[in-house]
1. Between a first residue in the range 6-23 that is over 17 Å from LEU44 (Cβ atoms) and a second residue that is open to solvent by less than 90 Å² (accessible area, probe 1.4 Å) and of a type in the set (Phe, Trp, Tyr), which pairs have beta carbons less than 8 Å apart while being 6 or more apart in sequence or on different chains?
2. Which numbered condition trips up LEU75, out of (1) open to solvent by less than 70 Å² (accessible area, probe 1.4 Å); (2) out of contact with any Gly (no Cβ under 9 Å at 6 or more places or on another chain); (3) among the aliphatic types (A, V, I, L, M)?
3. Taking into account only those residues within the range 52-72 that are farther than 19 Å from ALA119 by Cβ and part of a strand (DSSP E or B), which is least open to solvent (accessible area, probe 1.4 Å)?
4. If THR27 satisfies every condition in (1) over 24 Å from SER141 (Cβ atoms); (2) in contact with a strand residue (DSSP E or B) (Cβ under 8 Å, 6 or more places away or on another chain); (3) not aliphatic (A, V, I, L, M) but one, which is the exception?
5. Considering each of ARG20, ARG38 in turn, give the residue that is basic (Lys, Arg), surrounded by 12 or more Cβ atoms within 10 Å (Cβ to Cβ) and part of a strand (DSSP E or B).
6. Could you tell me whether GLY88 is within 23 Å of THR139 (Cβ to Cβ), open to solvent by less than 80 Å² (accessible area, probe 1.4 Å) and out of contact with any strand residue (DSSP E or B) (no Cβ under 9 Å at 6 or more places or on another chain)?
7. Please work out if ASP31 is at pLDDT below 95, open to solvent by 20 Å² or more (accessible area, probe 1.4 Å) and more than 17 Å from the chain's Cα centre (by Cα).
8. VAL46 - would you say it is assigned to a strand (DSSP E or B), touching a residue at least 60 places away in the same chain (Cβ under 8 Å) and under 20 Å from ASN5 (Cα atoms)?
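The values are calculated or read from the model by the stated rules, or taken from the named source; none is laboratory data. Only a predicted model underlies this, so the values are computations on that prediction, with no experimental measurement involved. Cβ: placed from backbone, ideal geometry, glycine included. Neighbour counts: every protein chain shown. Please note that ligands, DNA and RNA were not included when accessible areas were found on the heavy atoms of the full protein model with its side chains. Shrake-Rupley method; radii C 1.70, N 1.55, O 1.52, S 1.80 Å.
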Amino acid sequence: MHFENEVQEKTYERTLELLRELFEEPTVNPDDGQFYVRYGSTVLEVSVEPYGPEEAIVVVMAFCVQAVRIEEDLLLALLDLNQRLPIGAFSLVDNDVFYSHAIFGRSLDRNSLLGSIAAVANIADEYDDRIVSKFGGQTASERLAT
């Protein structure tokens with residue numbers, strides 16, 4: 001993996017160390033260095049990205065719903081949720097809904113990473129079935145089961 005600054009490299013190493021403490025077998029994608037962990041019924045992607053020349057961010061992202069119907073009501077509902085939820089945000093890429101939260105690398109510790117993972121997984125788990133019932137698609141756990 002290519003690192004753009006020293007903080008990104010140190011944050012990546014610390015993230016891997018913490019994920020190994022918190023989860024039995026975090027998966028590491030050798031091509032891009034992203035981590036994958038299961039938390040309850042949710043699959044999470046954890047990535048370490050550069051943020052300027054002297055910082056990095058750890059992004060915890062849940063695959064919420066795949067192949068959703070794009071409708072104005074969905075877009076408005078996601079924007080409304082983003083405004084009301086205390087941390088993180090929903091996003092839409094093609095026909096897939098994600099939920100994510102970011103932590104600055106310099107402040108990364110066990111509690112902040114676990115808190116971010118728990119919050120992202122719980123919020124994704126709370127809203128994925130609601131989104132599917134109104135707008136179709138499949139939850140991440142349904143998609144993995146097929």
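1. Here the result reads GLU9/PHE3, each pair linking the range 6-23 to a residue that is open to solvent by less than 90 Å² (accessible area, probe 1.4 Å) and of a type in the set (Phe, Trp, Tyr).
2. With (1) open to solvent by less than 70 Å² (accessible area, probe 1.4 Å); (2) out of contact with any Gly (no Cβ under 9 Å at 6 or more places or on another chain); (3) among the aliphatic types (A, V, I, L, M) applied to LEU75, the lone miss is (1).
3. ALA56
4. For THR27, the exception is condition (1).
5. ARG38 is the lone residue from the list that is basic (Lys, Arg), surrounded by 12 or more Cβ atoms within 10 Å (Cβ to Cβ) and part of a strand (DSSP E or B).
6. Numbers: within 23 Å of THR139 (Cβ to Cβ): yes; open to solvent by less than 80 Å² (accessible area, probe 1.4 Å): yes; out of contact with any strand residue (DSSP E or B) (no Cβ under 9 Å at 6 or more places or on another chain): no.
The answer is no for GLY88.
7. Details: at pLDDT below 95: yes; open to solvent by 20 Å² or more (accessible area, probe 1.4 Å): yes; more than 17 Å from the chain's Cα centre (by Cα): yes.
Yes; evaluated as a whole, the condition is true for this residue.
8. Yes; evaluated as a whole, the condition is true for this residue.
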